[in-house]
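As structure tokens, the structure follows; a few thoughts come after it.
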Amino acid sequence: MQLVANQAHRAPGLTPRRADTSPRLQAAEITCRQAVTPQAAGAKAVGAIAASALKSFGFAHDFDQKYTLGRAIGAGTFGTVHLATDKATGQEVAVKVITKRVMGGYLEGNFVRRVQHEVDIYNHLGRSLNVAYLYGAWETPVHVQLVMELCTGGELWTRVQRGKYDEAAAAALCREILCTVAQCHAKGIVLRDVKPENFLFLTADADAPLKMIDFGLATYCKPGQLLSDRAGSPLYVAPEVLKQSYGQPCDVWSAGVVAYQLLTGRFPFEDEDCGLLLSSLDVLGKKHFTNKEIFFAILYGDLDFRRPPWDEISELARDFVAHLLERDPAKRPSAEQALKHPWLRQFDASASGTSATSSTASVDGGSNGGGAATTDGNGSAASRSGGGGGVSGSGRPLSDSLVQRLQRFGTYGRLKQLALRAVVSFMATAETERIASLAAAFRSLDPAGRGVVPYDSVVALLNNGEWDLSRTEVSQLLATFDIDLEGNVDYNEWLAALIDWREVQESAGWQKYVNQVFDMFDQGHTGRLTPENIQRVLCGGGLLGAAGSGSSGSEADVLADPGGADAELDECPFDDVVPAAMREADEDHDGSISREEFVRFLSTAPGDKLEFYESRRKRLGGSSSGSDGNGGGGL
């Protein structure tokens, strides 16, 4: 087994690091010299790269115009993390600065794959509130600069070291970790490195959101697919990874080790003499264990559920952890199944349906007074999860799932978002019943019926006291909206961001709508979408200009493009815009997107469910209201 130190790749999002006392055991991760590629894995190649020589990544070059780089707050073999300040807003961010690796005047191939892979994954998963947000990627002739959300609350590992959590707090953290895992698995990504060091708290508050920050060992793996390269961190790696035949369930085992730590303050493994291999987290850094000892314990040693504090922990909690630490991956629950465990659900406010109510703003089609939501004197707590997988996204009021819908749409990628906006433009007049509740919610924000809503009104809606969101998180959620010159969000953008696309793609009209959009993008009528076609969609305003204005949705309007296929191509803001989209949608890497590839590209994975995303809906401890699916605008 090849052991490779890989400490710095975990750095984005970041807080200053102390001397490393975490369980790295001299070598941080177990990896093979050559990682499995999406093609070799047989997965959909989001971020797959052609093996061509590059002198630059095609990222933006104007970092110094937008940000002021500050002091370093972390460093390692793969990069240095700095504080930086947005010159326009004054917002502090974290910047991961990576020195380029060049051979013979060209970027080194494995380095290119690793950086593009990380950026592509962040551009999708980083739109979830469970993942540190990527504001963008920049480069200079010498460095790559990844601008990330700054998390100031420290590592989960630091809080784990302080001792065990009570069950309610541990369950909340386990739920957040498993939601992150479930989101990744639904998109065909296996993390392979779920551990406390890879999760940071957004702030120092006791109930601060938890964000995943490192996808350095993540790769592409569909449900049921098997990988063979060893990758992970020794104390968290699943038994089947050591046997070199594993898939998505390996992340659930790692989450089980973290859950065990949260409840007991130690690791679960016993040595060959039935003594605890690691009796407490305090011994890490004082005593070294060989990888052979650790791997033997993972593969064959008993897992301790007898010693204190298990005598004080509930049977439900024990059952939950034991199921996650099932050595047979075929018997281990999926992340989605684990989220439905009774132990998690008993501490999940959203599962009980006690949502806060507001006397003012409503996204279910009620009036919009712009005031704050009413709460009782006892305050309220926000529901971070979407109900632990127990409630379908459909059948719930829009007010309960608004933030979840915005997150999921944000993970789709820019090309898919624009294509779905075009789909909506065809649906708007053909399926009025399906979109009735969303249309009513839009009208509540657009009483004049202009077909547009001021962006500030949408911001005010999310800041009205009914959702537990920071100012920066609100901006992140709404970053998918294209704001016109007057500062408005149009009707089709609203519909595209909030409709349940899993339901739409099961409708009779789905295939027709997608074919219409393909034909709209394929202006040369070649039957394939070329990079030039994609550039017109992503970087030109004409092709989708009419499709995104108002709600007429006629084919003539949608196809309006004064220059047509012969018009001069508009320049993209940076060179990687089109290549990144092609890496995502061109499955066979032949340089164009077929109609069949386009249909698969626009389809939402069956497992990508709204309940995997945090609702952030504030909950009251009083009687249940507003979450039974019967409220106005319920979808």
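The values are calculated or read from the model by the stated rules, or taken from the named source; none is laboratory data. What you see is a predicted model; the values in this text were computed from it and never measured. A quick note on method: Cβ atoms are made from the backbone with ideal geometry, for glycine too, and the neighbour counts reach across all protein chains shown.
Quick one: which of Leu129, Leu146 is assigned to a loop (DSSP other than H, G, I, E, B), touching a residue at least 60 places away in the same chain (Cβ under 8 Å) and buried (at least 23 other Cβ atoms within 10 Å of the Cβ)?
Working: Leu146 fails: assigned to a loop (DSSP other than H, G, I, E, B).
Just a single option satisfies the conditions, and that option is Leu129.
Table: residues versus (1) under 24 Å from Glu293 (Cβ atoms); (2) hydrophobic (A, V, I, L, M, F, W, C).
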| position | (1), (2) |
| --- | --- |
| Leu202 | no, yes |
| Leu217 | yes, yes |
| Leu235 | yes, yes |
| Pro239 | yes, no |
| Tyr246 | yes, no |
| Ala255 | yes, yes |
| Val258 | yes, yes |
| Leu262 | yes, yes |
| Arg266 | yes, no |
Which numbered condition trips up Arg434, out of (1) modelled with pLDDT under 90; (2) under 28 Å from Val93 (Cα atoms); (3) basic (Lys, Arg); (4) in the same structural domain as Leu538 (by TED's automatic domain parsing)? (2)
Give me the pairs: first residue in the range 198-219 and without any contact (Cβ under 8 Å) to a residue 60 or more places away in the chain, second residue part of a strand (DSSP E or B), beta-carbon distance under 9 Å, and six or more apart or on different chains, which are they? Phe199/Glu155; Phe199/Leu210; Phe199/Lys211; Phe199/Met212; Phe201/Glu155; Phe201/Leu210; Phe201/Lys211; Ala208/Phe201
First in the range 453-482 and over 15 Å from Ser615 (Cα atoms), second anywhere and among the polar types (S, T, N, Q), Cβ under 6 Å, 6 or more apart: Pro454/Asn488; Thr480/Gln417
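Would you be able to say whether some residue in the range 86-109 is of a type in the set (S, T, N, Q), within 20 Å of Leu477 (Cβ to Cβ) and crowded, with 22+ Cβ neighbours inside 10 Å?
Residues of the range 86-109 that are of a type in the set (S, T, N, Q), as a first pass: 89, 91, 99.
Those still in the list that are within 20 Å of Leu477 (Cβ to Cβ) too: 89, 91.
Next, only the ones that are crowded, with 22+ Cβ neighbours inside 10 Å stay: none.
No, the range 86-109 has no match at all.
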